[in-house]
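Inspection log for the structure reproduced underneath, given as structure tokens.
Every number here is computed from the coordinates shown, using simple stated rules; none is lab data. Model, not experiment: these values are computed from the prediction. Cβ placement follows ideal geometry from the backbone for every residue including glycine, while neighbour counts extend to all protein chains displayed.
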Amino acid sequence: MYPNIPLMALTAGLLVITVMVAALVLSGTSGGPHDRSPGRPAKRHDHRPALAGFLTETGEATVRAIRGATQADGNDRDSILEATAELLAEVMNRNGLTTDDIISVLFTSTPDLTAEFPAFAARKAGFHEVPLLCAVEIDVPGALPRVVRLMVHADTDRPRAAIQHVYLRGAARLRQDIAG
């Protein structure tokens, strides 16, 4: 009935692990019981070598997640690649990013899009060294059809409030509060 449940569970599990590791690294602790003794502040570890590309001069992390979605004209290779390339270009342009700033990109598509992997559009656009992952959205009755969504993880010094999420074509109605 739901053939993608193991993939969804794996994806959710990886996301949880990633968030936990990031929280530990950014907090400067190992998370162990010896990190804080009574009367002593928590130990701080210098993670600068491991996080050199993600820290500002003050040592703050600069990883941001950028969301976006678009609607393909149809379930054919060209429509999926065109819509995905347009969405990715808009996310990059509006946020002043280059492929060197991108940590990873997660793509999802509605179950009715099966003619091509959205990530292939990113490879064609030069995302050769960026980890990319595709997954299928939950098949919700009445949901907008032919939608490609993405979540870009980027190394940027923009504050969270300055990040521009991008919703194009018919998918703009999904997030009218931030679509532009």
Practice prompt. Go through the stretch 62-73 and give me each residue that's part of a strand (DSSP E or B) and among the charged types (D, E, K, R).
Written response: ARG64, ARG67
Discussion item. Is it the case, given these coordinates, that PHE120 is under 13 Å from THR70 (Cβ atoms) and aromatic (Phe, Trp, Tyr)?
Written reply: no
Worksheet item: So, of the residues in the stretch 139-169 that are small (Gly, Ala, Ser) and surrounded by fewer than 17 Cβ atoms within 10 Å (Cβ to Cβ), which turns out to be farthest from ALA65 (Cα to Cα)?
Response: GLY142
